[in-house]
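In what follows, a structure is listed as structure tokens, so that the remarks can point back to it.
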């Protein structure tokens with residue numbers, strides 16, 4: 001009996017140590033992301049060159065079929081705008097629960113959907129982090145966050161992490177604006193102040209949408225996405 005009690009105590013100790021280590025690592029990752037993104041935001045130019053990997057502006061966006069927080073699966077071909085019609089375009093945003101920059105952009109993303117989904121441009125949010133590396137971004141946590149915040153848009157899980165590399169996304173948040181033919185017309189940041197919505201001077205994404213609605217090419221077409229690195233194991 002004494003041996004059994006000792007064994008159980010040891011198992012409990014190791015389990016608690018493992019949880020503590022995971023939480024500590026997650027905290028360290030978040031701090032490192034915050035410091036890195038702050039440096040990038042300070043130095044980020046308004047327009048940058050096309051990225052080397054993934055889909056480029058002017059190319060057709062990769063197709064996908066992913067699970068939404070409601071349990072249903074969605075692809076670009078079966079997504080509708082707020083009027084139940086085929087969209088005029090798609091605001092694809094790679095984002096997550098845990099990145100401080102994604103959280104700081106959360107209300108902006110909600111506002112973008114509420115403003116533009118009735119105009120034919122719904123937000124399609126995709127969570128790209130591996131929950132094994134970032135437990136706070138598990139599908140269950142995604143469901144909780146979407147319910148808590150009342151997300152009006154799709155919040156899809158990139159399970160297996162196949163979609164974000166195809167797009168060439170590296171950060172959360174990171175935007176790909178597609179037209180009706182699913183061609184990428186803008187790629188990069190939502191605006192020029194990811195950390196502080198009160199300090200925004202230039203709304204890159206909204207400007208790109210308004211330009212696209214006029215049948216013109218957005219300029220700049222590519223800006224630097226500032227945020228947390230996408231987490232993998």
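Which residue, of 180, 199, 217, 225, is surrounded by 15 or more Cβ atoms within 10 Å (Cβ to Cβ) and either in contact with a strand residue (DSSP E or B) (Cβ under 6 Å, 6 or more places away or on another chain) or on the phi < 0 side of the Ramachandran plot (or both)? Quick ask: steps written out before the conclusion?
Values: 180 fails: surrounded by 15 or more Cβ atoms within 10 Å (Cβ to Cβ); 199 fails: surrounded by 15 or more Cβ atoms within 10 Å (Cβ to Cβ); 217 fails: surrounded by 15 or more Cβ atoms within 10 Å (Cβ to Cβ).
When all the criteria are applied, what remains is 225.
Answer yes or no: is there a residue in segment 117-129 that is modelled with pLDDT of 95 or more and over 20 Å from residue 79 (Cα atoms). Can you show your working first?
Let us first name the residues in segment 117-129 that are modelled with pLDDT of 95 or more, namely 117-129.
Imposing the further condition that a residue be over 20 Å from residue 79 (Cα atoms) reduces the set to 129.
Yes, segment 117-129 contains at least one residue that is modelled with pLDDT of 95 or more and over 20 Å from residue 79 (Cα atoms).
Picking from 143, 161, 119, which residue would you name as being more than 16 Å from the chain's Cα centre (by Cα) and either surrounded by fewer than 22 Cβ atoms within 10 Å (Cβ to Cβ) or under 20 Å from residue 206 (Cα atoms) (or both)?
None of the others qualify; the one that does is 119.
Do we have residue 88 as within 20 Å of residue 208 (Cβ to Cβ) and modelled with pLDDT of 95 or more here? First the steps, then the outcome.
Working: within 20 Å of residue 208 (Cβ to Cβ): yes; modelled with pLDDT of 95 or more: yes.
Judged against the criteria, residue 88 is a match.
Listed residues 152, 173; which is in contact (Cβ under 8 Å) with a residue 24 or more places away in the chain and under 22 Å from residue 226 (Cα atoms)?
Residue meeting the stated conditions: 173.
Take segment 77-94 and flag every residue that is farther than 25 Å from residue 229 by Cα and not in a loop (DSSP other than H, G, I, E, B).
Residues satisfying the conditions are 77, 78, 89.
When you scan segment 100-113, how many residues do you find that are in contact (Cβ under 8 Å) with a residue 24 or more places away in the chain and either within 13 Å of residue 206 (Cβ to Cβ) or crowded, with 19+ Cβ neighbours inside 10 Å (or both)?
Summing the residues that are in contact (Cβ under 8 Å) with a residue 24 or more places away in the chain and either within 13 Å of residue 206 (Cβ to Cβ) or crowded, with 19+ Cβ neighbours inside 10 Å (or both) in segment 100-113 gives 7.
So residue 97 ticks every box in (1) touching a residue at least 40 places away in the same chain (Cβ under 8 Å); (2) assigned to a strand (DSSP E or B) but one. Which box is left unticked?
It is condition (2) that residue 97 fails.
Taking the criterion of being farther than 23 Å from residue 206 by Cβ, modelled with pLDDT under 80, surrounded by 20 or more Cβ atoms within 10 Å (Cβ to Cβ) and within 19 Å of the chain's Cα centre (by Cα), would at least one residue in segment 29-49 satisfy it?
First, pick out the residues of segment 29-49 that are farther than 23 Å from residue 206 by Cβ: 29-36, 38-39, 43.
With the extra rule that they be modelled with pLDDT under 80, the set shrinks to 29-36, 38-39, 43.
Then drop every residue that is not surrounded by 20 or more Cβ atoms within 10 Å (Cβ to Cβ), which leaves 33.
Checking the rest, the ones that are also within 19 Å of the chain's Cα centre (by Cα) come to 33.
Within segment 29-49, one or more residues are farther than 23 Å from residue 206 by Cβ, modelled with pLDDT under 80, surrounded by 20 or more Cβ atoms within 10 Å (Cβ to Cβ) and within 19 Å of the chain's Cα centre (by Cα).
The values are calculated or read from the model by the stated rules, or taken from the named source; none is laboratory data. In this text, all values refer to a predicted model and were calculated from it rather than measured experimentally. A quick note on method: Cβ atoms are made from the backbone with ideal geometry, for glycine too, and the neighbour counts reach across all protein chains shown.
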